[in-house]
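Chemist: Pasting a structure below so you can have a look.
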Amino acid sequence: MHLVVIALLWLLASPVFLVNGIRRALKRRRFWAMAYRPGIPCRSCFATISLLGMWECRCGFTYRGHLLRECPVCHSVPSMVRCYTCGTTEKLPEP
């Protein structure tokens, strides 16, 4: 009897877990697609914002490379980037 209840609960919860997994995978797909680009277009002035260069993390660590690289000191990833042409900021997808 106990095994039947567990199987029934698993069958009822499976669609919810499937939908959450698909949603999480789509969200991560956006992040990984941007992580392999050298630049993104600015939404205000349509100039290309370079994601490659010298970057300083909020903890103070400076590194050369892609902006969406994880900081080896504090393990954070930036959430926005500034367009140096017009000065606006663009929100980046979360990992």
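Chemist: Residues of segment 26-47 being of a type in the set (A, V, I, L, M, F, W, C) and surrounded by 10 or more Cβ atoms within 10 Å (Cβ to Cβ), which ones?
Modeler: 31, 32, 33, 34, 35, 40, 42, 45, 46, 47
Chemist: Right, here's the next one. Tell me whether segment 52-66 contains one or more residues that are in contact (Cβ under 8 Å) with a residue 12 or more places away in the chain, part of a loop (DSSP other than H, G, I, E, B), of a type outside the set (Gly, Ala, Ser) and in contact with a Leu (Cβ under 9 Å, 6 or more places away or on another chain).
Modeler: no
Chemist: Of all residues in segment 76-95, which are within 22 Å of residue 29 (Cβ to Cβ) and assigned to a loop (DSSP other than H, G, I, E, B)?
Modeler: 76, 77, 78, 79, 92, 93, 94, 95
Chemist: Let me ask something else about it. Residues of segment 8-24 being surrounded by 10 or more Cβ atoms within 10 Å (Cβ to Cβ) and either touching a residue at least 24 places away in the same chain (Cβ under 8 Å) or among the aliphatic types (A, V, I, L, M) (or both), which ones?
Modeler: 8, 9, 13, 18, 19, 22
Chemist: Identify, from the list 46, 17, the residue that is assigned to a helix (DSSP H, G or I) and among the aromatic types (Phe, Trp, Tyr).
Modeler: 17
Chemist: Only one residue in 4, 73 is assigned to a helix (DSSP H, G or I), among the hydrophobic types (A, V, I, L, M, F, W, C), without any contact (Cβ under 8 Å) to a residue 40 or more places away in the chain and exposed (fewer than 13 other Cβ atoms within 10 Å of the Cβ), so which one is that?
Modeler: Just a single option satisfies the conditions, and that option is 4.
Chemist: Let me ask another. Within segment 69-79, track down each residue that is touching an Asp or Glu at 6+ places or on another chain (Cβ under 8 Å) and within 19 Å of residue 36 (Cβ to Cβ). Before you say what the answer is, go through the steps one by one.
Modeler: Filtering segment 69-79 for residues touching an Asp or Glu at 6+ places or on another chain (Cβ under 8 Å) gives 76-77, 79.
Listed by number, the residues that qualify are 77, 79.
Since every read-out is calculated from the coordinates, none of them should be taken as a lab result. Computed from a prediction, not measured in an experiment: that's the story for all the values here. Cβ coordinates were reconstructed from backbone atoms using ideal geometry, including for glycine residues, and neighbour counts include every protein chain displayed.
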